[in-house]
Amino acid sequence: MSASSGKPGFWDNLIPLKGGLSGVQLAGWTPGPPARSGLGCRILADQMVEVAPSIRLAADVYVPKAPGRYPAIVSFAAYSKELQAAGAPTGNNETGSPPVFTDRGYAHVIVARRGMGRSGGEDAVYLNDTDVEDHARVIQWAAAQPWCDGQVVLFGTSYYGLTQPQVARLRPPALKGFFANEMCTDFFRHIAMFGGAPQPDFFALWMGANFTPLQFRLHVPPLLRALASHIINSPLKRLWWPQLKKRMARIMKAFQRQVPTRQTRERFAGLMLDGKTRATSVLPAGPSGALGDIEVPFVVVQNAGYLNLHQFGAYDLFENAGTPRDQRWLIIGPAAYDLPVYAWQLEALAFFDHLVYGANNGYAAQARVRYWTEGVRDYRSAPDWPLPGSAPLRLYLASSGPDRATHRLEPTPGEAGTNRWAAVPLGAILPAGFDEVESQRLTFEMPVEEEMELTGPVTVSLSFSCNEIDSHVVARTGLVSADGGYRILSMGTMRPACRRIDAARATATEIALDIDRPEPLVPGEPVTLRFSLTPQPVVLKPGERLRLDIASRTDLLRSDVSHGHAQFDMQVPPYYARNTLHYGPDSYVELRRAASGAIA
């Protein structure tokens, strides 16, 4: 088959692809009947899309077997497209399962950007403006194909989600809406320098997994992909995926040992060594601050299990997009980590059926905000975010004595005083038994005396000092059950030297830190630190305890992917130091308490 013939190849379609559905699919509802169903799947492999003179991008197009013109779902990223349909449990397999979409009456177009695989052009920095313009051209190309009815929507997770608001700002005429899962809007503060510190752990993993010479030259014939899909997407996945998930941390470390291309390694050096400010960062700024340019309807999904990636972009988009308020939806899902990312396909299809087929399936009646609630393990809903009628619940930190004691969360400021914790760099040399003489965290708890729902932004304020010129602070909230079990809720982090607040970039959910102008600490002199934690709605019940932990390293407080949390280690703090918390009116955690009866 000619790479751009637009006709299905015999061998490419000899074995039909087997679709996959796994993970969370619907946010607490059951849609009405689908607009179309039972249409099958065939592939048009390696369709070449001209985006500039002599530059064509490679796209795999999956269409229903039944002849006709269908809306197109476009997924665009920097990743290889070769294993997207096979169901392989790889970190870049985030486009969904093509047969799931084609069976419901959609063409699924998966595109690799310039320089990746069979796409022409040069590999360049991620998420750049040229990629965005190419994305818009792909949308218009898809709309003009004989298998498309002229309507295009977008779907995907992570990178495939980040690109959606970018291109929606350009308003390509054929674009009717998008469904983005786990995304960022400010690439500098959400990815490159989260909390004021670079992220070598994440970037080394991400680059080693996705941008090695093998990934750039990989080509898997569609017939092999189809064979793989029948194995990987079989019922046996229920057996092997839990075992693989338990070993995921080791697998990720193995990816960090892979050697990316030289150009990728140069980008890593630029990010870690030079990209300390917005002006010097190699990453583009991202669409934050210009989201008002977006007009089309959208659904954005936030995974509550993320810390230093995909943590606040969904809230920024929902709050600041130019889309009419009754045409945007926010879903806060449970903490989940599954590969491939087959989650939310049925929710997206219900949205798309409503949007492009005009199906009366109940989507228009869905609340603007639906959120998974720990404690009751169910979805609740609200007309907006933060929840209308919710009230701040400020709990002040109070000492119970020695640093190692479990301290208190109180409704009013307590007595003046201090507690201290040791800040020890990740991987630093320590004698055996160090933790017996120095505590590396402080813990605070509040017994729950009446049932309450805490849903909304989470802020920590600390009166803080250090005997060094900088350090790092990580905060975590959690739920301690009546039987002593623990469930992580929210996390946040900041570099004290970046304590200035960038009010122009802040949202109702995120305190944006001014990372461009660090101000070194004066050793021993208290300053006020304010930063945001990732929201996790929860219902607390009598007999449980709300816990707050404070430390200086992410590895001391984070969870991991085996428990559904994608929380990467950070190379912090920068120095051995002693950090001090000063009690009083400036040291508290602030949550939002939902109004009784205001939720469904």
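Please enumerate the residues belonging to segment 516-552 that are within 21 Å of Gly584 (Cα to Cα) and among the β-branched types (Val, Ile, Thr). Matches in segment 516-552: Val522, Val527, Thr528, Ile550. Restricting attention to segment 406-425, which residues are open to solvent by less than 50 Å² (accessible area, probe 1.4 Å), assigned to a loop (DSSP other than H, G, I, E, B) and at pLDDT 95 or above? If the condition is that a residue be open to solvent by less than 50 Å² (accessible area, probe 1.4 Å), assigned to a loop (DSSP other than H, G, I, E, B) and at pLDDT 95 or above, then Gly417, Val424, Pro425 are the ones that fit. Looking at segment 8-35, which of the residues that are of a type outside the set (Gly, Ala, Ser) and under 15 Å from Pro98 (Cβ atoms) is most open to solvent (accessible area, probe 1.4 Å)? Result: Leu21.
Of the residues screened, Ser490 is one that is among the polar types (S, T, N, Q), within 30 Å of Pro447 (Cβ to Cβ) and without any contact (Cβ under 8 Å) to a residue 60 or more places away in the chain. Restricting attention to segment 48-73, the residues that are hydrophobic (A, V, I, L, M, F, W, C), open to solvent by less than 10 Å² (accessible area, probe 1.4 Å) and farther than 20 Å from Gly121 by Cα add up to 4. Checking segment 13-32 against the condition returns no match, with no residue being in a loop (DSSP other than H, G, I, E, B), free of Cβ contacts under 8 Å to residues at least 24 places away in the same chain and over 30 Å from Ala335 (Cα atoms).
Go through segment 512-526 and give me each residue that's part of a loop (DSSP other than H, G, I, E, B) and under 13 Å from Asp186 (Cβ atoms). Ala512, Asp514, Ile515, Asp516, listed by residue number. Look at segment 504-515: where a residue is under 16 Å from Glu590 (Cα atoms) and a partner is open to solvent by less than 30 Å² (accessible area, probe 1.4 Å) and in a helix (DSSP H, G or I), sitting 6+ places away or on another chain with Cβ atoms under 8 Å, you get Thr507/Tyr315; Thr507/Asp316; Ala508/Tyr315; Thr509/Tyr315; Thr509/Asp316; Glu510/Tyr315; Glu510/Asp316. Suppose the filter is at positive phi and charged (D, E, K, R); does Asp46 pass it? So Asp46 fits the description; yes.
Which members of segment 436-446 meet the condition of being surrounded by 13 or more Cβ atoms within 10 Å (Cβ to Cβ) and not in a loop (DSSP other than H, G, I, E, B)? Result: Arg441, Leu442, Thr443, Phe444, Glu445, Met446. Where strands (runs of 3 or more DSSP E) sit wholly within segment 305-383, those with at least 3 residues that are at pLDDT 95 or above and open to solvent by 30 Å² or more (accessible area, probe 1.4 Å) occupy 378-382. Considering segment 423-444, and only residues there that are in contact with a strand residue (DSSP E or B) (Cβ under 6 Å, 6 or more places away or on another chain) and not aromatic (Phe, Trp, Tyr), the residue that is farthest from Cys466 (Cα to Cα) turns out to be Thr443.
Only residues that are open to solvent by 20 Å² or more (accessible area, probe 1.4 Å) and assigned to a loop (DSSP other than H, G, I, E, B) were counted in segment 460-506, giving 13.
Across segment 36-47, the number of residues qualifying as open to solvent by 40 Å² or more (accessible area, probe 1.4 Å) and assigned to a loop (DSSP other than H, G, I, E, B) comes to 3. Selection of segment 248-297 for residues being assigned to a loop (DSSP other than H, G, I, E, B) and free of Cβ contacts under 8 Å to residues at least 12 places away in the same chain yields only Thr280. Suppose we keep only residues that are part of a helix (DSSP H, G or I) and touching a Leu at 6+ places or on another chain (Cβ under 9 Å) within segment 527-560. Which one would you say is least open to solvent (accessible area, probe 1.4 Å)? Out of the qualifying residues, it is Thr554. Taking the criterion of being more than 19 Å from Tyr160 (Cβ to Cβ), crowded, with 23+ Cβ neighbours inside 10 Å and within 21 Å of the chain's Cα centre (by Cα), would at least one residue in segment 219-242 satisfy it? Scanning segment 219-242, I find no residue that is more than 19 Å from Tyr160 (Cβ to Cβ), crowded, with 23+ Cβ neighbours inside 10 Å and within 21 Å of the chain's Cα centre (by Cα), so the answer is no. Selection of segment 200-234 for residues being part of a loop (DSSP other than H, G, I, E, B) and farther than 22 Å from Asp338 by Cβ yields Phe211, Thr212, Leu218, His219, Pro221.
Taking segment 527-580 as the range and being polar (S, T, N, Q), in contact with a Lys or Arg (Cβ under 8 Å, 6 or more places away or on another chain) and either under 18 Å from Ile191 (Cα atoms) or modelled with pLDDT under 95 (or both) as the test, the residues that pass are Ser562, Gln567. Looking across Val282, Val296, one residue alone is modelled with pLDDT of 95 or more, on the phi < 0 side of the Ramachandran plot and either of a type in the set (Val, Ile, Thr) or in contact with a strand residue (DSSP E or B) (Cβ under 6 Å, 6 or more places away or on another chain) (or both). It is Val296. Among the criteria (1) aliphatic (A, V, I, L, M); (2) buried (at least 19 other Cβ atoms within 10 Å of the Cβ); (3) at pLDDT 95 or above, the one Leu214 does not fulfil is (2). All of (1) of a type in the set (A, V, I, L, M); (2) crowded, with 20+ Cβ neighbours inside 10 Å; (3) over 30 Å from Ala204 (Cβ atoms) hold for Ala595 with one exception: (2). When every residue of segment 38-53 is checked against the conditions, none turns out to be touching a residue at least 12 places away in the same chain (Cβ under 8 Å) and under 27 Å from the mean Cα position of the chain (by Cα).
The values are calculated or read from the model by the stated rules, or taken from the named source; none is laboratory data. Computed from a predicted structure; not experimentally measured. Ideal geometry is used to build each Cβ from the backbone, glycine not excepted, and the neighbour counts take in all protein chains shown. Accessible surface areas use protein heavy atoms only, side chains included; no ligands, DNA or RNA. Shrake-Rupley method; radii C 1.70, N 1.55, O 1.52, S 1.80 Å.
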